[in-house]
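Here is the structure we will look at, set down as structure tokens.
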Amino acid sequence: MSLFRKIFGSKSDSSDKELKSNDRGKYMPEIKLPIDERFTINFKANGGKFLYCEDLNEIFQNLQNIIEENNWDNKKTLLLDDNLTDKFKNSNLQTTKRISESTLFLTTCENLIANDGSLLISSKHIFEKKLPELPVNFIVFATTSQIVENIGEGLRGIKSKNREKIPTNITTIKHFKSGDDKDFLSYGSSAKNLYLLLLEDL
């Protein structure tokens with residue numbers, strides 16, 4: 001090995017070292033990922049299934065793929081939001097407003113929370129229903145502009161958008177691993193089999 005390589009190390013060695021985050025000094029600031037990347041990583045870690053879409057046609061196509069993949073062709077979709085009913089009127093869904101008849105629930109949300117990968121929802125989406133009453137299978141339609149840093153930011157947004165009447169029944173959905181009985185962190189929460197159709201709008 002040459003003297004220069006001994007002193008300075010080879011290029012490949014140094015590039016390998018640069019890639020190791022453990023080699024960063026303990027007083028250096030953490031590398032902060034963009035907000036949308038952090039949400040995606042945390043959402044997937046919670047067990048959520050994520051589909052990024054560039055336009056509404058892609059939303060409808062991915063929705064159809066989800067239905068076919070799960071053999072939900074002849075199953076009814078709970079759809080409580082009239083605006084969403086209008087948006088998805090051409091999607092061949094068999095919809096109902098009765099929980100007892102439904103296999104899956106199509107809804108929107110208030111915000112997508114980046115720091116823990118959860119979804120912030122309110123009475124505008126689930127009305128006065130409790131999460132355990134709703135179907136286990138959730139399909140959530142949201143946009144990239146709904147991603148916020150934390151729950152506090154989401155709650156402030158709800159308050160500013162609804163000055164006259166703040167929605168009730170505000171809650172988060174965080175656990176998407178249905179049937180994972182051994183996960184004590186999700187004890188007492190209602191785990192959902194959740195798909196997120198995320199539309200790019202920024």
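The values are calculated or read from the model by the stated rules, or taken from the named source; none is laboratory data. Just so it is clear, the model here is predicted, and its values are computed rather than measured. Note: ideal-geometry Cβ built from the backbone for every residue, glycine included; neighbour counts use all protein chains shown. Please note that ligands, DNA and RNA were not included when accessible areas were found on the heavy atoms of the full protein model with its side chains. Shrake-Rupley method; radii C 1.70, N 1.55, O 1.52, S 1.80 Å.
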Is there any pair linking a residue in segment 144-167 that is free of Cβ contacts under 8 Å to residues at least 24 places away in the same chain to one that is open to solvent by less than 60 Å² (accessible area, probe 1.4 Å), with Cβ under 7 Å and at least six apart or on different chains, and which?
Ile166/Ile158
Of all residues being of a type in the set (S, T, N, Q) and in contact with a Ser or Thr (Cβ under 8 Å, 6 or more places away or on another chain) in segment 55-82, which is least open to solvent (accessible area, probe 1.4 Å)? Just the residue, please.
Thr77
Of all residues being modelled with pLDDT under 85 and not in a loop (DSSP other than H, G, I, E, B) in segment 162-188, which is least open to solvent (accessible area, probe 1.4 Å)? Just the residue, please.
Ser186
Name the residues in segment 128-143 that are open to solvent by 20 Å² or more (accessible area, probe 1.4 Å) and more than 17 Å from the chain's Cα centre (by Cα), would you?
Glu128, Lys129, Lys130, Pro132, Glu133
Starting from segment 32-45, take each residue that is surrounded by 15 or more Cβ atoms within 10 Å (Cβ to Cβ) and list its partners that are in a helix (DSSP H, G or I), counting only C-beta distances under 9 angstrom and pairs at least six apart or across chains.
Asp36/Thr144
For residues in segment 122-143 being modelled with pLDDT of 95 or more and β-branched (Val, Ile, Thr), which is nearest to Trp72 (Cα to Cα)?
Ile139
Looking only at segment 98-120, decide whether some residue is more than 17 Å from Glu133 (Cα to Cα), surrounded by fewer than 21 Cβ atoms within 10 Å (Cβ to Cβ) and free of Cβ contacts under 8 Å to residues at least 24 places away in the same chain.
no
